[in-house]
Amino acid sequence: MRRRVILLGPPGSGKGTIAARLQENFGFNHVSSGQLLRREVELDSAVGRRAKSFLDRGELVPDQTVLELMERWMDAMPPGTGFLSDGFPRTLSQARALDEWLASRGQAIDAVLFFNCPEAVMIERIAGRRVCPQCGRVYHQVTLQSRVAGRCDECGVALVQREDDTAPVVRKRFEIYSRQTEPLVAYYRAQGKLTEIDATRPLDAQMDDVMSALAK
Ligand code: AP5
């Protein structure tokens, strides 16, 4: 199975939800740059202080800060274990830096899954999304409910809405995605690594599509 995998797609397309399933069921080494950044903000670290205003506005955190964080995470990974990266890379310069970083270790990305979904569906998903502030697990008020309403199945703590899930910030995130991240679709397609996933399908059906893409 392919083990160095990138999940690419707009906000709310379902990257994090699929990543969590791949991690739980198949032991993938999942990393979400958004989650790492939110954690740094909570910790009030130097990286978190640099990133906070960008997260609040729905803009991309500068490449240098993100690359510092991601290289730290990848360096700490046991060799040969691979990764499932959700939200990174997000600009052409991040993608080129990742290719170079891997090449310097004699490695390359195995597969890129592009989650394609109409904007109206993603807006509805983001509006209903609730997350656990402790473990980061993601739920949806209608499509992926917790066992006890409003409480995390793992931690039991009250679920919250992400601070960047307000309507104006979500609009900004979509605009930034089209301008800065969408060009990666052509970049990875040209490398012959891209598989398009129909992200409107129910989760179990999508998992089947993902598994067959990773088995190729
Ligand atoms: P990040 O945390 O990466 O957010 P995002 O890319 O905007 O993606 P989301 O987490 O909103 O969506 P998702 O696709 O994971 O959807 P999910 O699975 O939750 O980034 C946040 C911010 O961090 C950025 O704005 C930026 O500031 C910064 N950042 C991060 N990485 C960066 C980088 N590399 N460079 C610079 N800055 C960076 O699903 C959404 C909802 O839908 C859930 O409630 C889920 O339950 C539900 N759902 C999912 N799939 C289905 C389905 N098939 N059917 C029904 N419901 C579904």
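Below are the figures for this structure:
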{"item": "Odd one out for CYS152, checked against (1) in contact (Cβ under 8 Å) with a residue 24 or more places away in the chain; (2) closer than 16 Å to ALA20 by Cβ; (3) open to solvent by less than 50 Å² (accessible area, probe 1.4 Å)", "result": "(1)"}
{"item": "Out of ALA215, ALA158, ALA205, sole residue that is open to solvent by 70 Å² or more (accessible area, probe 1.4 Å), of a type outside the set (S, T, N, Q), more than 27 Å from GLU59 (Cβ to Cβ) and more than 16 Å from the chain's Cα centre (by Cα)", "result": "ALA215"}
{"item": "Test: residue in segment 126-145 that is open to solvent by 20 Å² or more (accessible area, probe 1.4 Å) and within 21 Å of GLY192 (Cα to Cα)", "result": "no"}
{"item": "Residue that is more than 12 Å from the ligand (Cβ to nearest atom), surrounded by 20 or more Cβ atoms within 10 Å (Cβ to Cβ) and under 13 Å from SER85 (Cβ atoms), where the choices are VAL31, VAL66, VAL5", "result": "VAL5"}
{"item": "Entirely in segment 1-70, the helices (runs of 4 or more DSSP H) that have 2 or more residues that are farther than 24 Å from ARG129 by Cβ", "result": "46-57"}
{"item": "Residue satisfying all of: in segment 34-49; away from the ligand (no atom under 11 Å from the Cβ) and surrounded by 18 or more Cβ atoms within 10 Å (Cβ to Cβ); nearest to GLU68 (Cα to Cα) among these", "result": "VAL47"}
{"item": "Of all residues in segment 69-95 being at positive phi and away from the ligand (no atom under 12 Å from the Cβ), the one that is nearest to the chain's Cα centre (by Cα)", "result": "GLY82"}
{"item": "Residue count for segment 185-210, restricted to those that are within 11 Å of the ligand (Cβ to nearest atom), more than 14 Å from GLY9 (Cβ to Cβ) and assigned to a helix (DSSP H, G or I)", "result": "4"}
{"item": "Of residues in segment 102-120 being out of contact with any strand residue (DSSP E or B) (no Cβ under 9 Å at 6 or more places or on another chain) and either in a loop (DSSP other than H, G, I, E, B) or free of Cβ contacts under 8 Å to residues at least 60 places away in the same chain (or both), the one most open to solvent (accessible area, probe 1.4 Å)", "result": "ARG105"}
{"item": "Matching residues, segment 165-184, being within 16 Å of the chain's Cα centre (by Cα), within 11 Å of the ligand (Cβ to nearest atom) and open to solvent by 50 Å² or more (accessible area, probe 1.4 Å)", "result": "GLN180"}
{"item": "Verdict on SER85 being outside any loop (DSSP other than H, G, I, E, B) and open to solvent by 40 Å² or more (accessible area, probe 1.4 Å)", "result": "no"}
{"item": "In segment 133-142, the residues that are touching a residue at least 24 places away in the same chain (Cβ under 8 Å) and within 12 Å of the ligand (Cβ to nearest atom)", "result": "GLY136, ARG137, VAL138"}
{"item": "Filtered residues of segment 10-22 (kept if of a type outside the set (Lys, Arg) and either more than 6 Å from the ligand (Cβ to nearest atom) or within 8 Å of the chain's Cα centre (by Cα) (or both))", "result": "PRO10, GLY16, ILE18, ALA19, ALA20, LEU22"}
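The values are calculated or read from the model by the stated rules, or taken from the named source; none is laboratory data. Every value quoted in this text rests on a predicted model; they were computed, and no experiment measured them. Heads up, the Cβs are rebuilt from the backbone with ideal geometry, glycines too, and the neighbour counts pull from every protein chain shown. Heads up: the accessible areas ignore ligands, DNA and RNA and are worked out on the full protein's heavy atoms, side chains in. Shrake-Rupley method; radii C 1.70, N 1.55, O 1.52, S 1.80 Å.
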